[in-house]
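One structure is given below, encoded as structure tokens.
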């Protein structure tokens, strides 16, 4: 058991042990008929709160009002349930949560989750209908989002909500933000990749920066592979290195890489708070690297209707295409604290050495002699737009009308 888990269990046990003993409820002295008459003027969620005063009231009111505590959920739409019972349950939980500083309301499970036990909500493996049947609903949704790279590895919507509530209470959020951070080096066909993600709270909003570094053999004339996947957002299918050429993103040759500065700069989405930047660097005989850095503004985490968060929940609803207005580069600037972003300083020297040691010596035979591609899109002022008079290409267009009804 690691240190964080021991501390979490200790806090949980101490919290449970120090709960004061509730005094006997004065409602027990009232006739049941009078209680029923009073509760007839209350919304159902308030009646549910009243029923928690003691077992007698709970049993009586549960029978009278048919109070339910279960909510439906379907994996295929991945949205919080909105049937009548679940809406009442959600309102009931909000009434409780106001006085429970160590709990958050999970919009997917429609339950309270205990902040000191945050680690159990980490997504450490991909969802499988066979092996993941006992997962919480929020963990299932997070795993499915990670599978299509809309969120970084290990990202947990539950821990996000926990971190933001802890922040609003003025408490230390570093243990929760550490859970949302990630680093891993993998050997792939033709290259080695490093994935680093980090979470920070800026201006009362959770920001995430994740970066993928693709280290390729020095024998390649440019730092490019067809098989590197990185993800952008659900509005743009620029999600792999194979899409770069179709989107008109320039890939320099080795001779051009000394002090090379990205021609496109920061690319940003019209419909969600996501920014992307692609950079290149030569390490001489040690290899050539492509850096893909993404910044996301996840929002304040107050409720599921926060536009910054809602757009990441999935589905093909109309609100996915509501325009998000924010200055180009503002998310990057906020995350970096106003300092100039230096793409090659996120990884450590140790990371560099491991990438060098594990990278292949030669390029894949299938990638040698790759022909030129006629771009169907180009980058204009940070936006991906269609090249005039071209057919529909492989990369998305930020065209609201064309894609607003596209299923995901």
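Here are the numbers:
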| read-out | value |
| --- | --- |
| Residue within the stretch 204-211 that is at pLDDT 90 or above, within 19 Å of residue 309 (Cβ to Cβ) and surrounded by fewer than 17 Cβ atoms within 10 Å (Cβ to Cβ) present | yes |
| All positions within the stretch 241-261 that are under 22 Å from residue 192 (Cα atoms), assigned to a loop (DSSP other than H, G, I, E, B) and under 27 Å from the mean Cα position of the chain (by Cα) | 241, 249 |
| Residue selected from the stretch 57-86 under the condition assigned to a helix (DSSP H, G or I) and out of contact with any helix residue (DSSP H, G or I) (no Cβ under 9 Å at 6 or more places or on another chain), by the criterion modelled with the lowest pLDDT | 84 |
| Residue satisfying condition, being surrounded by fewer than 14 Cβ atoms within 10 Å (Cβ to Cβ), modelled with pLDDT under 55 and over 30 Å from residue 183 (Cβ atoms), within set 318, 323, 374 | 318 |
| Residue within the stretch 377-393 that is modelled with pLDDT of 60 or more and under 30 Å from residue 285 (Cβ atoms) present | no |
| Pick from the stretch 340-355, criterion out of contact with any helix residue (DSSP H, G or I) (no Cβ under 9 Å at 6 or more places or on another chain) and not in a helix (DSSP H, G or I), ranking: farthest from residue 284 (Cα to Cα) | 340 |
| Residue among 206, 238 that is closer than 29 Å to residue 145 by Cβ, over 17 Å from the mean Cα position of the chain (by Cα) and touching a residue at least 60 places away in the same chain (Cβ under 8 Å) | 238 |
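Residues are listed down the side, and each one gets a yes or a no for (1) free of Cβ contacts under 8 Å to residues at least 24 places away in the same chain; (2) in the same structural domain as residue 330 (by TED's automatic domain parsing); (3) buried (at least 20 other Cβ atoms within 10 Å of the Cβ):
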{"position": "245", "(1), (2), (3)": "no, yes, yes"}
{"position": "250", "(1), (2), (3)": "yes, yes, no"}
{"position": "268", "(1), (2), (3)": "no, yes, yes"}
{"position": "272", "(1), (2), (3)": "no, yes, yes"}
{"position": "284", "(1), (2), (3)": "no, yes, no"}
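The values are calculated or read from the model by the stated rules, or taken from the named source; none is laboratory data. Fair warning: this is a prediction, and the values are worked out from it, not measured in the lab. Counting neighbours? That spans all protein chains shown, and the Cβs are built from the backbone with ideal geometry, glycine included.
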